[in-house]
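The values are calculated or read from the model by the stated rules, or taken from the named source; none is laboratory data. Just so we're clear, the structure is a prediction, and the values are computed from it rather than from any experiment. FYI the Cβ positions are ideal-geometry reconstructions off the backbone, even for glycines, and counts take in every protein chain you see. Please note that ligands, DNA and RNA were not included when accessible areas were found on the heavy atoms of the full protein model with its side chains. Shrake-Rupley method; radii C 1.70, N 1.55, O 1.52, S 1.80 Å.
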Amino acid sequence: QVQLVESGGGLVQPGGSLRLSCAASGSIARINTMAWYRQDPGKQRELVANIDSGGSTTYADPVVGRFTISRDNAKNTITLQMNTLKPEDTAVYYCRAVLSLSAYGSAQKFIYWGQGTQVTVSS
């Protein structure tokens with residue numbers, strides 16, 4: 001079993017900052033990519049930022065220059081530093097990992113999601 005546990009969401013004023021964390025645990029052989037997605041009610045879940053095992057990152061256009069994703073491979077964790085937050089950043093943020101399990105070897109990949117953490121940007 002694999003678990004992704006997010007933390008760090010909350011309420012913040014426009015222009016403020018929040019830091020999200022996601023920790024993966026379980027019978028993991030190797031984690032390939034990890035990412036943050038977000039979803040507003042009634043909208044599709046969208047990619048916010050992605051980081052591969054080598055540390056290469058990609059960001060959605062709306063968060064470029066404001067959000068930073070980072071990763072600690074030794075601890076199987078990622079963080080999302082969110083600065084200059086805007087009301088339109090309000091959403092539930094989900095952690096996602098593409099990984100291989102110890103029981104199945106490296107060839108077979110699985111996708112896991114966290115339970116989500118609410119971020120609300122409002123004055």
Next item on the list: Find the strands (runs of 3 or more DSSP E) located wholly in the stretch 1-68 whose residues include 3 or more that are surrounded by 18 or more Cβ atoms within 10 Å (Cβ to Cβ), and list them.
Entry: 18-26, 28-39, 46-51
Check: What are the residues in the stretch 6-55 that are under 20 Å from residue 89 (Cβ atoms) and of a type in the set (A, V, I, L, M), if any?
Finding: 11, 12, 18, 20, 34, 35, 47, 48, 49, 51
Checklist line | For residue 85: the one exception among (1) assigned to a strand (DSSP E or B); (2) more than 15 Å from residue 22 (Cα to Cα); (3) aliphatic (A, V, I, L, M) | finding: (1)
Checklist line | Cross-chain or 6+ apart pairs with Cβ under 7 Å, the stretch 90-107 first and more than 30 Å from residue 44 (Cα to Cα), then open to solvent by 30 Å² or more (accessible area, probe 1.4 Å) and not in a strand (DSSP E or B) | finding: 102/27; 103/27
Next item on the list: State the number of residues belonging to the stretch 88-122 that are modelled with pLDDT of 95 or more, open to solvent by less than 50 Å² (accessible area, probe 1.4 Å), in a loop (DSSP other than H, G, I, E, B) and of a type in the set (Gly, Ala, Ser).
Entry: 2
Notebook entry, point to check: Can you name the residue in the stretch 69-79 that is closer than 22 Å to residue 90 by Cα and among the polar types (S, T, N, Q) and, of all such residues, is least open to solvent (accessible area, probe 1.4 Å)?
Noted result: 79
